[in-house]
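Here's the structure, in structure tokens; my notes come after.
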Amino acid sequence: MAHDRTYLRTTANLLPLITGAIYFLAVTITLQLVGGSGGVAISWPASGLLLAVLLVRPETELKRHVAAAAVASFAANLIFGNSPLISVAFTIANMVEPVAIRSVLSTTLKRQISFAQPRDLLWFCIAALAGCALSSAIAVAAVSKPSSEFWFSWFSTDLLGILILTPLIIIGVKAIGRNGPPASNARTFEAAGIFGLVTAVSCAVFWQPGAPILFLPMLVVLIAAARLGPLGAAGGVLIVATIGTLTLDTWSPAQMLFGSGPLAKSLYLQFYLLILFAAALPIAALLASRDRILDRLEEEKRLLELAEETASLGHWWLDVSTEEVRWSQEVFNIFGIEGEVPPILEDAINAYHPDDRGIVTASLEEAIGNRRGFEFTARIIWPDGEIRHVRSRGEIDDHCGDGTFGLFGIVHDITMQVSREAAIVEARTRAEEAARAAKIIAETDQLTGIANRRRVTSDLVQAVLTARRERQPLSIALFDIDHFKRINDTYGHQAGDEVLKRVAATAAGAIRAHDLVGRFGGEEFVVVLPDTTAETAMSVAERVRNAIETGGYTPAVTVSIGIAQLTVGESGENLLQRADQALYVAKREGRNTARLAA
């Protein structure tokens, strides 16, 4: 880890020195060429090189890179005969220029520049114009005989160096940073072939006196821009600029327009290169932006299809005027149809269940007629007969551009959801039935089939509460079988159980529909009589007693009954006690009778 940090620090310290060395080399080569072509430079690559470094390196390193380039600039100017004062002034002008341009770009873009973005390219050109204008003003102020020709020569030379070289370096650095050194693949061969074509055409054009077919380099540069993007545009312009500069004395077309002097010819070539740059790089940026948008749309489409497939949800569009239908791939899957061409609208509607086609048609017609959204749930019949449940909803699409409108909708396969909901309903029904059965079992006397003590006690509590709330009378009748122990001892417990069953059935048949009879324990039974006075309760009790006595049982049995009516403030438990006391009186007074509690 420490070794890695040491390596990074060493690299960071060496990079400014490398920048200074390359800057010195660029200045030296340019000044050598200037000396060979009458003293007028076509472009100043050193400015483009330094600006590229300032745009790609961290802000903490910028001062060291500028300082190294300043030393290189000052040394080169001295070597080629400029005075120390002029060398300092020209160095300041050359350093202010890229710093000013970077400052403008960092303020406006807030991020690293991308020449595939038209907005970034526009700001780059604006910043370059401003920076070169400032640099030219500083340089003009330093010379002994300032002139507009000198200002424009400096301005156009630096501007060309920045416009051509900076994009090329930054694009190349980004490409290597993302993918590493370019591999020998089809894309690399294509780039080599296109740049070779630009070179061949440029040589063929510029090595002819007068350059009569000067439009051809622009054509091949536009081809490079269209195929390779900003890299192709910048690289193509650089090739044309290099060959045009090397052959300037051969083709010298400026003699017919600006004159025959070196400055006039240089201005002509600069004007030609600026026009070439203005045509190629913006087109490349727009095409790159288009390709990026198309790639993003393709990726979003892929993700949308993946999401639709995962969710079993597709989208469709209907042109209302032509009834043209468009489906996403998942809609084909939902309808169980193979292919890429959706059916006509009529066939699409006929794919629904016959009982649901009216719902579909009415929903679409209402949406079209009222120009509002729609939603419906229906069934689809697959070609193999399988039925699928779908939910479709959508809205009006008013973005057709020709005054017409369409319907945009989504269709969601909810078959699994419907199946789960049906299973939940079925499970709930079974659970409710089981709960009811369990409740019945819990509240039913297993021998007689009537209510057990638990049920009777619960109903009596509720009856007492209702009687108090509604201010209604409430009575109960408590009875047991006379001499039941004798029956068990004489005929056996099985016969005793049969007697209990018959007594329970007879009592249940003799009471009213809203009364409740239950086995309270052993041979003891309770009848709860809501909204019943003591007199009416006595009548019901007599009916029960008589039905049991005359029931024709073998052995014959009778019952004794105690009746009690609820009094104000009395509890159910106390009511039972009073009925039990009345039952005791009935037994004491001879059995097979009914007595009313005091």
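Values in this text are rule-based calculations from the coordinates and carry no lab data. This one's a predicted model, so the numbers in the text were calculated from it and none came from an experiment. Positions of Cβ are generated from backbone atoms using ideal geometry, with glycine treated the same way; all protein chains shown enter the neighbour counts.
When GluC sites (Glu not before Pro) are flagged only if DSSP places them in a loop and at most 11 other Cβ atoms lie within 10 Å, the longest unflagged stretch of the chain comes out as 1-322. The angle between the Cα long axis of helix 215-228 and the main principal axis of the chain comes to about 30°, on a 0 to 90 degree scale. Label-to-label distance for residue 431 and residue 29 is 8.2 nm, based on points extended 7 Å past Cα in the beta-carbon direction. In the chain, the longest principal axis of the Cα atoms and the axis of helix 230-246 are about 0 degrees apart. Here the contact order of the chain, divided by its residue count and restricted to Cα pairs under 8 Å and six or more residues apart, works out to 8 percent. So if we plug the beta-carbon distance of residue 556 and residue 424 into 1/(1 + (r/R0)^6) with R0 = 51 Å, what FRET efficiency do we get, rounded to 0.05? Step by step, r from the Cβ atoms, then E = 0.35. As a proxy for reagent exposure, 479, 80, 189 were ordered by neighbouring Cβ count within 10 angstrom, fewest first; the result is 189, 80, 479.
Label separation (residue 294 vs residue 588): 11.1 nm, computed from points 7 Å beyond Cα along the C-beta direction.
A full extension of the chain between residue 315 and residue 214 corresponds to an added length of 31.1 nm, given 0.36 nm per residue minus the alpha carbon distance. Express in whole angstrom the spacing between the alpha-carbon centres of the stretch 78-140 and the stretch 341-362. Going from one Cα centre to the other spans 67 Å. Helix 148-179 and the longest principal axis of the C-alpha atoms of the chain enclose an angle of approximately 40°. For the stretch 1-181, the relative contact order is 28 percent, taking Cα pairs closer than 8 Å that sit 6 or more residues apart in sequence and dividing their mean separation by the residue count. Each part reduced to its alpha carbon centroid, the stretch 223-248 and the stretch 491-541 end up 112 Å apart. The order of 63, 145, going from fewest to most other C-beta atoms within 10 Å of their C-beta, is 145, 63.
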